[in-house]
Amino acid sequence: MKSKQTFNVLAVLCLLITFNSVKAQNDYLYNPSNSTIQNLVSHSDTNRVIWWKCDSLHKGELFSTYKSSTGLGVDDDMVIHKSWVDPYDCMLHYLYQQYYKDTEVEGAEIRQHIVVSGTDSIVTITTGGVVESLDLSVVPTISEGLALDSALEYTQSDTFAWQDSTLEAGLDSFPLANGDTTYYPKGELVLALTGDLTLVPENYKLCWRFTIVSTKPNYKIDVVYVNAATGSVEKWRNGSDAATFNHIFYGAKSDLDTKSHNGNFYTITDGSPSGGSGTRNIRTTEKDNLSTWWIVNMAKSSSDSWVNWK
């Protein structure tokens, strides 16, 4: 059991390092000259990973007791964005999001991996990065309404979901993931990460962020960032939870669905017919013999809602 737990911890850590696409500069938290932190760690490296000494750091202490040693300033806060328990090694995982003057700092996240011992929660590993020395205004010059006009024009759509009474009525029974009962876009002020994605102040711009659901000429979800000072579109991304993509084994896929495993959890499936089941499980690792794949290798979630698969 111990070897399995060790493997799972290392596997999770490798995934976090591999898929972390943003880069950070300064990284005072990981700096060898940061004696306050270095006295608590057994190892830290340039990949922004800290292995803490046993029982040296407990849940909540890094951003309270040791906040001044993390690179964060007086206007910065780290807020728990998500938490979950690993079903295989029972470790707790916390995802913290940086906020500057109560405004989300896009891409600035810290993950902590915690072992529970009795009533104590001991931090074992920390990964991720924050933006240091932010000094930006978070007061918009452009109103939310004007920004929305720019965002809607950018989508080049003819009809939107909130203009469809049937779609709107359906949200009364099944609200969106954030609790909204309308598709009408609500602007969020964020510090948007631009440029080369390095976590430095000069790459951040205050923007209105809108999630816009279109129905004609095509169904799509656009996430549009409008510069809150100029009113121009700063950047865009696809907001769909599922879209056509190329998979190394399955090829081009767009017909994805979810499959319940006795209501305990859900996995991603390929909607095309295969064998007698009508679906194929989308697994995250490849083995020599497909028949030997285990459920542990599947991408899975405790929820059937695509919005929560993040």
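Return the subset of K67/K235; K82/K216; K59/K205; K101/K220; K67/K101 for which the Cα-Cα distance in this structure is over 26 Å, preserving the input order.
Check vs 26 Å cut-off fails for K67/K235; K82/K216; K59/K205; K101/K220.
Go through 154-165, 213-224 and give me the packing order, highest mean Cβ count within 10 Å leading.
213-224, 154-165
Taking the Cβ of V115 as the centre, find all other residues whose Cβ is under 12 Å away and add up their charges (Lys, Arg: +1; Asp, Glu: -1).
Combined, the nearby Lys, Arg, Asp and Glu give -3.
Taking H placed 1.01 Å from N in the peptide plane, check which residues at least 5 places from S121 or on another chain put their amide H under 5 Å from its amide H.
K59
Quick note: the coordinates plus some simple rules give every number you see, no bench work behind them. Nothing here was measured: the structure is a model prediction, and the numbers come from that model. FYI the Cβ positions are ideal-geometry reconstructions off the backbone, even for glycines, and counts take in every protein chain you see.
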